[in-house]
1. Look through the stretch 64-79, keep the residues that are at pLDDT 95 or above and part of a strand (DSSP E or B), and return whichever of them is farthest from residue 12 (Cα to Cα).
2. Mind checking which residues of the stretch 80-107 are touching a residue at least 24 places away in the same chain (Cβ under 8 Å), in a loop (DSSP other than H, G, I, E, B) and closer than 14 Å to residue 64 by Cβ?
3. Please work out which one of (1) over 11 Å from residue 3 (Cα atoms); (2) surrounded by 17 or more Cβ atoms within 10 Å (Cβ to Cβ); (3) modelled with pLDDT of 95 or more is the condition residue 83 fails and give its number.
4. Would you mind stating whether residue 70 is surrounded by 18 or more Cβ atoms within 10 Å (Cβ to Cβ), touching a strand residue (DSSP E or B) at 6+ places or on another chain (Cβ under 6 Å), closer than 27 Å to residue 120 by Cα and free of Cβ contacts under 8 Å to residues at least 24 places away in the same chain?
5. What about residue 40, is it more than 11 Å from the chain's Cα centre (by Cα), under 21 Å from residue 107 (Cβ atoms) and surrounded by 14 or more Cβ atoms within 10 Å (Cβ to Cβ)?
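The values are calculated or read from the model by the stated rules, or taken from the named source; none is laboratory data. Here the structure is a predicted model, which is why all the values come from computation and not from measurement. Cβ placement follows ideal geometry from the backbone for every residue including glycine, while neighbour counts extend to all protein chains displayed.
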């Protein structure tokens, strides 16, 4: 299984999950086999501006099967689902911790991520 996670920087497993999926400059792709991390690849997003579908197609091209993100809009979620890619929202923290929790089916997600993003929008 190949998991894709939007990252704040290019530090791989030590990166934090980027809260704004569509603004992530990097994605960390983690290959899982037998409940173990087998490979980690950091890929810089190849475009500064994107249209609907660009990021889902980018992740599909890199073999992503699951996306672990904090916040994501309905259109992006639907696009991923149309490509057969599972989306989990509300994930936060260090990528290594998030992936290990996901593997062990112990992932704790922030159920209130939508409200927090809305609150942040109103502050700016």
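1. So the residue we want is 66.
2. Selection gives 83, 85.
3. Among (1) over 11 Å from residue 3 (Cα atoms); (2) surrounded by 17 or more Cβ atoms within 10 Å (Cβ to Cβ); (3) modelled with pLDDT of 95 or more, the lone unmet condition for residue 83 is (2).
4. no
5. yes
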